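Below: the structure, in structure tokens.
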Amino acid sequence: MNLTVVEQEGVRYFLVLGRPIHDLKQAEALLRKSESTFRAIIDGSPVLFALNDDKQNMTYLNAEFTRTFGYDIDDVPTRQRMFSRFSPCPNERTGVRGSFIRFM
């Protein structure tokens, strides 16, 4: 919303400009529905899903990931921590990481 005060011949006028938000609200509702559908598919999938952000922080692990490895997001908050959990031995970690990435 934009408010402008205009004075003309000693009379003050308020000009208020706005735009309808119906389309925005409708797009937000569609996005929420799409996200909900996506999450239901991923949560119910027998395939392991682990998502991370651009800083390598884990942002999501699906239930199958947790069932398979026994780790939740608090156990593996970063990709580095995830790989260290998969292979506690630092000398083997590079090979495990490479195998994991090729598998994906």
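With +1 assigned to the C-beta of every Lys and Arg and -1 to the C-beta of every Asp and Glu, and no other charges, what is the dipole magnitude of the range 16-55 about the Cα centre in debye, to the nearest 20? Mind dumping the intermediate values first?
Values: 6 positive and 6 negative charges, 35 e Å.
Rounded to the nearest 20 debye, it is 160 debye.
Going 7 Å from the Cα of Arg67 in the Cα-to-Cβ direction, what parts of the range 13-45 have a backbone nitrogen less than 17 Å from that spot?
Answer for this model: 39-45.
Taking 7 Å along the Cα-to-C-beta vector as the label spot, tell me the Arg39-Leu17 distance in nanometres, rounded to one decimal.
3.8 nm
Coordinate-derived values only; no laboratory data. Everything numeric here is computed off the predicted structure, so don't read it as measured data. Neighbour counts run over all protein chains shown; Cβ positions are idealised from the backbone, glycine included.
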